[in-house]
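The structure under discussion appears below in the form of structure tokens.
The values are calculated or read from the model by the stated rules, or taken from the named source; none is laboratory data. Every value quoted in this text rests on a predicted model; they were computed, and no experiment measured them. Neighbour counts are summed over all protein chains in view; Cβ atoms, including those assigned to glycine, are modelled from backbone coordinates with ideal geometry.
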Amino acid sequence: MLFDPRPKNSRKDLFDREEELEELKKAVRRYPIVLLLGIRRVGKSSLLKVALNELENGIYIDVRELYFSSGGWITVDSLTNALERALNSLKPSFRRKITEALRSVKGVTVAGVTLKFESRVSLPDVLNALNDVGVIMAFDEAQYLRYYGARGGKEFLAMVAYAYDNLENMRFVFSGSEVGSLHDFLGTANYDSPLYGRVYGEITVKPFSRELSREFFRRGFEEAGMKVEEKLIERTVELLDGIPGWLVEFGYNYIETRDFDRAMESVILKAEKFMEGELRELARRSERYILILKAIAMGFDRWELIKDYLEARSGKIPNPRLANLLRNLEKMSWIRKVYRDGTKRYEIVDPVVARILRKFSRQAGL
Ligand code: ADP
Ligand code: MG
């Protein structure tokens, strides 16, 4: 069902994206490492899951989930457990092959078709064995791997570099909503990174165009046996800007309520819930990030305006520090630079996030 709010698993539930799907599959055949990029809720996980399903030798690990469930620090043990869970949830035919390949690895026990990793199992040994089968390891929201181990994920990258250089049947897909953070983390252009100099494929998932968004709604409502006015579709597309996650949320709620305002309110509430963890994470790193986002959301979108807004609320801030915060927000894909009337301005990438920020600001009386 198109308006199902969970990530999609099969092509029949995926609207459009045929090109991206083919591109992704082609890239995985061609490159040991593929990056799948795009803003939050644009449909990366869906695309990834559908592709892995069709390729039939993929293993999916949600790193964001792993990060939050292991309390903000990903240990070797938690990654090993996640891998064990992922392997045990594979389709029987593929799982059988994997089980055979891993049977002889130290620290792996096999009971029937269920794998068990003991804590002494070595991940490089596991990769070596998986290479015999030929496996795609997909890490969703991989920028969170910078919280793996004690050295900002370096041990993980060293493992990937080893596989890249030695295990020719291994493939890695890293998806990320924080485009710049993921690039920084992998560091293929950075001399100090274990992955320095490695070549990778890259695919960017974009929001739907206005026309595609309208078509998406028509198709979704039709599927639900509902006739909806073009005017309403038009208005919704205007507000949600082609981000599939929000379109789905609206469609799903509109079918339930048949009321524009209530459906839109549900989108906002859902978005708030979804963004809560990420905004908290951001605030933990610096409260100023949140203030900057609020400033931009409220239209204080130029350097001096942002600076004034910030200094009135949290004291003086040196220019290099502000530049750094803005650059980081860009890397995390919260904001982007635009040039209007010859001036550099910033805008919030996702209009729903901008609305939430404005709402928070009003509530806090900022
Ligand atoms: P991301 O991983 O980029 O944050 P998801 O894949 O989780 O995005 O998608 C967000 C929501 O949008 C999910 O509810 C998913 O079902 C829906 N969605 C995304 N892309 C499509 C698509 N092409 N067709 C139908 N629904 C989609
Ligand atoms: Mg996702």
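Computed values, structure above
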read-out: Exclusive hit being more than 16 Å from ligand 2 (Cβ to nearest atom), in contact (Cβ under 8 Å) with a residue 24 or more places away in the chain and not polar (S, T, N, Q), set Tyr147, Tyr191, Tyr196; value: Tyr147
read-out: Hits in the range 218-257 (condition: away from ligand 2 (no atom under 16 Å from the Cβ), assigned to a helix (DSSP H, G or I) and touching a Ser or Thr at 6+ places or on another chain (Cβ under 7 Å)); value: Val237, Phe250, Asn253
read-out: Pairs, first surrounded by fewer than 12 Cβ atoms within 10 Å (Cβ to Cβ) in the range 104-119, second assigned to a loop (DSSP other than H, G, I, E, B), C-beta under 8 Å, six or more apart; value: Lys106/Arg120; Lys106/Val121; Lys106/Ser122; Glu118/Gly107; Ser119/Gly107
read-out: Selected residue (criterion: farthest from Ala142 (Cα to Cα)) from residues of the range 52-103 that are small (Gly, Ala, Ser) and exposed (fewer than 14 other Cβ atoms within 10 Å of the Cβ); value: Ser93
read-out: Restricting the range 3-19 to residues that are touching a residue at least 60 places away in the same chain (Cβ under 8 Å) and either assigned to a helix (DSSP H, G or I) or under 18 Å from Tyr254 (Cβ atoms) (or both), the residue that is farthest from ligand 1 (Cβ to nearest atom); value: Phe3
read-out: Hits in the range 1-53 (condition: of a type in the set (Lys, Arg), over 17 Å from the mean Cα position of the chain (by Cα) and not assigned by TED's automatic domain parsing to the domain that holds Arg64); value: Arg11, Lys12
read-out: Answer residue from the range 87-124, given it is in a strand (DSSP E or B) and out of contact with any helix residue (DSSP H, G or I) (no Cβ under 8 Å at 6 or more places or on another chain) and is modelled with the highest pLDDT among those; value: Thr109
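For (1) modelled with pLDDT of 95 or more; (2) among the hydrophobic types (A, V, I, L, M, F, W, C); (3) within 16 Å of ligand 1 (Cβ to nearest atom); (4) on the phi > 0 side of the Ramachandran plot, each residue gets a yes or a no:
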site	(1), (2), (3), (4)
Phe221	yes, yes, yes, no
Lys227	no, no, no, no
Glu230	yes, no, no, no
Asp241	no, no, yes, yes
Pro244	yes, no, yes, no
Ile255	yes, yes, yes, no
Asp259	yes, no, no, no
Ala263	yes, yes, yes, no
